[in-house]
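The values are calculated or read from the model by the stated rules, or taken from the named source; none is laboratory data. This one's a predicted model, so the numbers in the text were calculated from it and none came from an experiment. Backbone-built Cβ (ideal geometry, glycine too); neighbour counts: all protein chains shown. The area values use the complete protein model at the heavy-atom level, side chains included, leaving out ligands, DNA and RNA. Shrake-Rupley method; radii C 1.70, N 1.55, O 1.52, S 1.80 Å.
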Amino acid sequence: MSELSNMGEILVTGGAGYIGSHMCVALLDAGYTVTVLDNLSNSTSESIAAVQRVTNRTLDFVADDLRDAGALARLFGRKRFAAVLHFAGLKAVGQSTADPLAYYDNNVVGTLRLLEAMTAHQVRTLVFSSSATVYGIPDVMPITEDSPPGPINPYGRTKFHIEQILADLQATDPAWRISILRYFNPVGAHISGDLGEDPNDVPNNLMPYIAQVAVGRLPGLRIFGDDYPTPDGTGVRDYIHVDDLVEGHLAALRYLERHPGLAIHNLGTGRGHSVLEMVRAFEAASGRTIPCEIVARRAGDAAESYADPTKANRELGWRARHDVRRMCEDVWRWQQRHPQGYRA
Ligand code: NAD
Ligand code: WQD
């Protein structure tokens, strides 16, 4: 693994997306050379331009689809990657239920094509973006890596199937070094305010929804249920700043240098916050009022979900540092500077 120690070239699939673009900033800041592969199905190349602006460094951007075996063969033929950070995928839970085949094709088949190209070119170090969604609706909090998996929607099942494919692959060829990172609820934005989350349509997730209400793009927040068995009745989640998340990936890369095999780690703060707490924190950070209406529970939502991050703390030497106040301040800075996202 001397390539990694020598700051070798990293392939970031999905690097134009929300988390991938923040990852590219962290990699470039840490001295890595970066290539991004992204088909821009849920992003724009403006994020790549922003990465280069805030880091004052350049990266190689390849606008291809993960499922295009020819494109992957050309890319792996001309570069020698030390590792792949694999973010590319579709992530909308509702859409995955409406069109499961699109999700299996994009996420599972896309990952298969990537693993085939990596195998053919002897690149065997991979960090995979998995999700707490693989745990489904867990009975016991906090969630450890040993909590039983049980995804309850097609999106979650694509993540779970990919995890199993990775385990099978590593079992047949011990030269593989694979890190599976199960993210809890990524939020936040780069401190510059030039890089952030830019959903294509009306946001599905709480934080970008609140931010668009605060900036006046949406009239008000609908809170999905206030009768959960939680302190204030609204859903509790483990929100983690995207900068902490990407630091977790750098820690995973370092870990893989020392540890061949396959490892699974939760990336969360270990602290849960309710919807109402998040609304209040955003109001404090923005100075704006968020009009709220309580509506029925959203199908498939757990009452609470938060990580036990002890394994990542211990094995990766990583822990989340940013609190909810900082998450809201950074999202607000991004949203104010880019009320219509990158497309404006
Ligand atoms: P995102 O949609 O902003 O980024 C994903 C990127 O992948 C996009 O730029 C998209 O254009 C690209 N992409 C999708 N399919 C592709 C394909 N076939 N070929 C090439 N590029 C493709 O999403 P994100 O929030 O940055 O999430 C990144 C990863 O983390 C995803 O795998 C997601 O499932 C996972 N994840 C996200 C969250 C979250 O809440 N954001 C939580 C847990 C896990
Ligand atoms: C958070 C809380 C809602 C929107 C999802 C995916 C998961 C992962 C992260 C990728 C819940 C409440 C939300 C709104 C609300 N993604 N809410 N009004 O559901 O924990 O996880 O994103 O892997 O797979 O399922 O996140 O941000 O959608 O919801 O009241 O308009 O906010 O009910 O309690 P969730 P979220």
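For region 249-333, the direction-averaged projected area of the alpha-carbon convex hull comes to 7.6 nm². On the principal axes of its alpha carbon atoms, region 132-264 extends 53, 38, 26 Å, with the longest extent given first.
Rounded to the nearest 500, the helix-only mean residue ellipticity at 222 nm of the chain stands at -11000 deg cm²/dmol, with each DSSP H run of n ≥ 4 adding -39,500 (n - 2.57). For the chain, the Cα-based Rg and Dmax, in that order, read 19.2, 56 Å.
Can you pull the percent of Cα pairs in region 51-151 with separation above 16 Å? Show your work: numbers first, answer last.
Values: 3417 of 5050 pairs.
Summing the P(r) tail past 16 Å for region 51-151 gives 68 percent.
Taking all protein chains into account, the per residue accessible area for region 244-291 stands at 39 Å² (1.4 Å probe).
Please give the residues of region 220-252, grouped as numeric ranges, whose backbone N is less than 14 Å from a label point set 7 Å along the Cα-to-Cβ vector of Gln336. Hits in region 220-252 for Gln336 at 14 Å: none. A protection proxy built from the mean count of other Cβ atoms within 10 Å ranks the segments 162-174, 237-249, most packed first, as 237-249, 162-174. Peptides 105-117, 138-150, 312-324 ranked from most to least packed, by the mean per-residue count of other Cβ atoms within 10 Å: 105-117, 312-324, 138-150.
For the pair region 39-66 / region 225-264, the C-alpha centres are spaced 24 Å from each other.
Leaving out ligands, DNA and RNA, what percent of the accessible area of the chain is carbon and sulfur, probe 1.4 Å?
Working: 6880 of 14210 Å².
Ligands and nucleic acids excluded, carbon and sulfur reach 48 percent.
Between Asn204 and Arg258, the FRET efficiency estimated from the beta carbon spacing at R0 = 56 angstrom works out to 0.90.
Modelled label positions at Val109 and Asp29, each set 7 Å beyond Cα in the direction of Cβ, lie 3.8 nm from each other. Using the Cβ-Cβ distance between Asp146 and Arg325 with R0 = 35 Å, the FRET efficiency computed as 1/(1 + (r/R0)^6) comes to roughly 0.65. For Val295 and Glu315, a Förster radius of 45 Å and the Cβ-Cβ distance give a FRET efficiency of 0.65, rounded to the nearest 0.05.
Contour minus end-to-end for Leu101 and Arg74, with contour as 0.36 nm per residue of separation and end-to-end as the Cα-Cα distance?
Once the chain is fully extended between Leu101 and Arg74, it gains 7.0 nm.
For region 323-328, putting each phi into the Karplus relation 6.51 cos²θ - 1.76 cosθ + 1.60 with θ = phi - 60° gives couplings of 8, 4, 4, 5, 4, 5 Hz, in residue order, rounded to whole numbers and with x for Gly and Pro.
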